[in-house]
1. Using a Förster radius of 45 Å, what is the FRET efficiency between ALA43 and GLU482 based on their Cβ-Cβ separation? Nearest 0.05, please.
2. Please compute the length gained on full extension between LEU164 and LYS53, using 0.36 nm multiplied by the number of residues separating them and subtracting their Cα-Cα distance.
3. Take each complete run of DSSP H in the chain, measure how far its Cα atoms stretch along the helix's own axis, and keep only those covering 15 Å or more with mean Kyte-Doolittle hydropathy at least 0.5; list them.
4. Quick one: which of 258-265, 455-462 comes out on top by average Cβ neighbours within 10 Å, and what's the full order, highest first?
5. Students often get this wrong, so try it: which of [x] 26.9; [y] 24.8; [z] 23.9 is Kirkwood radius over Cα pairs in Å as calculated from the structure shown?
6. Which order, highest average first, do 444-454, 275-285, 164-174 follow once you tally other Cβ atoms within 10 Å for each residue and take the mean per peptide?
7. Please list 42-52, 510-520, 474-484, 86-96 highest first by mean number of surrounding beta-carbon atoms within 10 Å per residue.
8. Quick check: net charge around LEU126, other residues with Cβ under 15 Å of its Cβ, Lys/Arg +1 and Asp/Glu -1?
Amino acid sequence: MMQKLQRFGGAMFIPVMIMPAMGLLLGLSNTLLNEQMVGSIAAKGTIWYTFWKLIFDGSYVVFQNIPLLFVIGLPIGLAKKSKSRAALEAFVIYMFFNVFINSLLSSSGSTFGVDFSKDVGGYSGLASIAGIKTLDTSMVGALIIAGITIWLHERFYDKKLPDLLAIFQGSALVTIVGFLVMIPVAFLTCLVWPHIQEWIFSLQGLLKTSGAIGVGLYSFLERILIPTGLHHFIWQPFAYGPAAVNGGLLAYWFSHVAEFANSTKSMTELFPQGGFTLFGNSKVFGCLGIAIALIITSRPEKRKQTIGLILPVAFTAVITGITEPIEFTFLFIAPYLFLIHAILAGLMTAIMYAFGVSGNFIYGLLDFSITWASTWQNHWATWLLQIGIGLGFTVIYVVLFRYLIIKFNILTPGRESDDVESKLYTKADYKEKKLGNTGGDTSFEQLAEYFLADLGGAANIQDITNCATRLRVTVKDPEKLESEQVFRKHGAHGLVRNKQAIQVIVGLSVGQVRDKIEEKIKSVG
């Protein structure tokens, strides 16, 4: 079950990886459309306004269509065969699902307790999906339909029909079966989902009044579940789903940021739900403190090598919010350090929220800077307070991690013996696997060849997917794997083994490496 959940979490990351870049564009364009910040050049009707409104509308389309991204992205990550066809099937079947809901509610909305005459959005419980007015099942509905489609795809895609009916094989058969299955699924959704929406609306009210304690617990859970890959189930329903507000917190933020920027009310009053998008502060201020602690506790003769290893991954975490490289550097050496990291992350966000900090702070410093710039005029004091609290926690991280590493002689990078360090933590190795992959497909090809051999060859791979930085592989025989030292020598950050469930920590190029591995598996099969 854990293997399946980890694989599912990795697949969910496929559409998520599109969003940070679009979020940055959205925040930048929204800032440059604010007349109070850039002056009359941003007035409606100017060339400046027309251009940046074009950029805003284009980047916002990603957040307007989050369910579509997930319904298409999940099959790409989870289908074991013909992934592109599975994605197309999922889109078509999802359209069937929403059209059937539209038809049922248009004719019998009162039977299901739904006023289908209301406009979409707000607290109507309704949404528009690809131009179809339907129930707002958000990411939850998309994931369920994608899951059903994947099951149908694996069961019916390869089914052989009589020659006379051969035209209905493959994707045609899957969509036909999906069409029939969606009729009862749509009916059950109309029957059940309005009641779930009532519960969600109640939960939203609870979250708004949970205060700093709830925000801190949420951030703690988001961090502590990183090693399992299940942290996606904590933050994604809030960021992209209806757990806090309809349509997700990110879409809500970007659609209201101009209103927030022009108000002098406190950010927690304007956006109380935004406490659940503060967990990125641990990625910026926490990882900075961890990096400093790892460097200053390294042996003097190895400090230069340690800086070469730690600075790139710290830079990645602080700027982009991708934290696995630095967190996994110490996680499996001393798990209790990671527990302390998660506790400090929770405390940091709880204190920030208690002092009025709220907003879009999910990713790294690039994301933060756009939020700050967009709202600086009326909220600069809040952001300075946030930075002050964050840097205060950076100092706490440095002092506490330094003390524990020295007290218990934890063999973090730069503290191992010469022979181990030279193989496991050299700058050259790091550049090859992380930054050195700029030489085109050759580097990806070589990494894929190494990792596939280290995993026991193509015949030993049962299935493979990835999240932001890790290959997630289910192998048939764990005994055929090479040692962690071999994986590291070949360019991995590390290796996590849990029976047949294997995680190879690769870095930000993991998607390209996985593609090359799958190509090699297909060529062998």
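Laboratory data are not the source of any read-out in this text; all were calculated from the coordinates shown. Because the structure is predicted, anything quoted here is derived from the model rather than measured. Neighbour counts run over all protein chains shown; Cβ positions are idealised from the backbone, glycine included.
1. Details: r = 63 Å, r/R0 = 1.40.
That pair, ALA43 with GLU482, gives E of 0.10.
2. 34.6 nm
3. Working: long enough: 2-16 (21 Å, 0.39); 19-32 (19 Å, 1.23); 47-64 (25 Å, 0.69); 66-78 (18 Å, 2.44); 83-108 (37 Å, 0.89); 138-156 (27 Å, 1.25); 171-208 (46 Å, 1.46); 211-224 (20 Å, 1.01); 249-261 (16 Å, 1.01); 303-320 (24 Å, 1.11); 335-354 (29 Å, 1.70); 365-407 (46 Å, 0.95); 441-454 (20 Å, -0.25); 510-524 (21 Å, -0.65).
The qualifying helices are 19-32, 47-64, 66-78, 83-108, 138-156, 171-208, 211-224, 249-261, 303-320, 335-354, 365-407.
4. Numbers: 258-265: 14.5, 455-462: 16.5.
Answer by packing, highest mean first, reads 455-462, 258-265.
5. Label [y] holds the value from this structure.
6. Numbers: 444-454: 19.5, 275-285: 26.9, 164-174: 15.3.
In decreasing order of mean packing, 444-454, 275-285, 164-174 become 275-285, 444-454, 164-174.
7. Details: 42-52: 12.9, 510-520: 19.5, 474-484: 14.5, 86-96: 22.3.
Highest-to-lowest ranking by the protection proxy: 86-96, 510-520, 474-484, 42-52.
8. Values: positive: LYS118, LYS133; negative: ASP115, ASP119, ASP136, GLU198.
Net of charged neighbours comes to -2.
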